[in-house]
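Heads up, the thing below is written out as structure tokens.
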Amino acid sequence: MATTVVDVFGKGLSFPPRVGADGRLAWSSGEDNVRESIQLILLTEPGERLMREQFGCGLRQYLFEPNTVATRQQIRDRIVKAIGRWEPRVAVQDVTVDPVDADARLVAVNVFFQLVANQSSGRMALTLQLEG
């Protein structure tokens, strides 16, 4: 029996939730499902999910923090730890958290990962606002 992409990476409701062309809730599968899962981990605060209070990354706590090297390192460490704990389908290769030149309050986050099942590489990008 041949293994399909859905068998390897799974299938779940799309994130963010949306309605498909058929009028039903859209689903994601394969590598898209993994990327959406990483996004969900990064955007969820611990304590938000019922029955899974530890789930998430907790990046909102940095909203009023200064955009310093120390703060960016804390963000990086938190991301590596959260993805390592909650997403076993990937191996984090690197996480960069760099200031955005156009706005001193913003940081650009890039998560570089490798899918465990097929060794393909991927990247997730996100911008965070610091200093309220």
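Values quoted throughout were computed directly from the atomic coordinates according to the rules given, and no laboratory measurement underlies them. Worth saying up front: this structure is predicted, and the values here are computed from it rather than measured. Virtual Cβ from ideal backbone geometry, glycine too; neighbours counted across all protein chains shown.
For residue 106, the residues 5 or more places off, or on other chains, whose built amide H falls under 5 Å of its own are 100, 130. Given +1 at the Cβ of Lys and Arg, -1 at the Cβ of Asp and Glu and no other charges, the dipole of the chain around its Cα centre is 280 debye to the nearest 20. Restricting attention to segment 1-101, which trypsin sites (Lys or Arg not before Pro) occupy a DSSP loop and are surrounded by at most 15 other Cβ atoms within 10 Å? Sparse-neighbourhood loop trypsin sites (Lys or Arg not before Pro): 18, 24, 49, 52. Under the criterion of Cα pairs below 8 Å and six or more residues apart, the relative contact order for the chain equals 18 percent.
Expected output is a single nm value to one decimal: the length gained when fully extending between residue 110 and residue 19, i.e. 0.36 nm times separation in residues minus the C-alpha distance. What is it? Length gained between residue 110 and residue 19: 29.9 nm.
When mean projected area of the Cα convex hull in nm² is calculated directly from the model, which label among (1) 10.1; (2) 12.7; (3) 8.3 fits? It is the one labelled (1). Label sites at residue 103 and residue 118, each approximated as a point 7 angstrom past Cα along Cα to Cβ, lie 3.5 nm apart.
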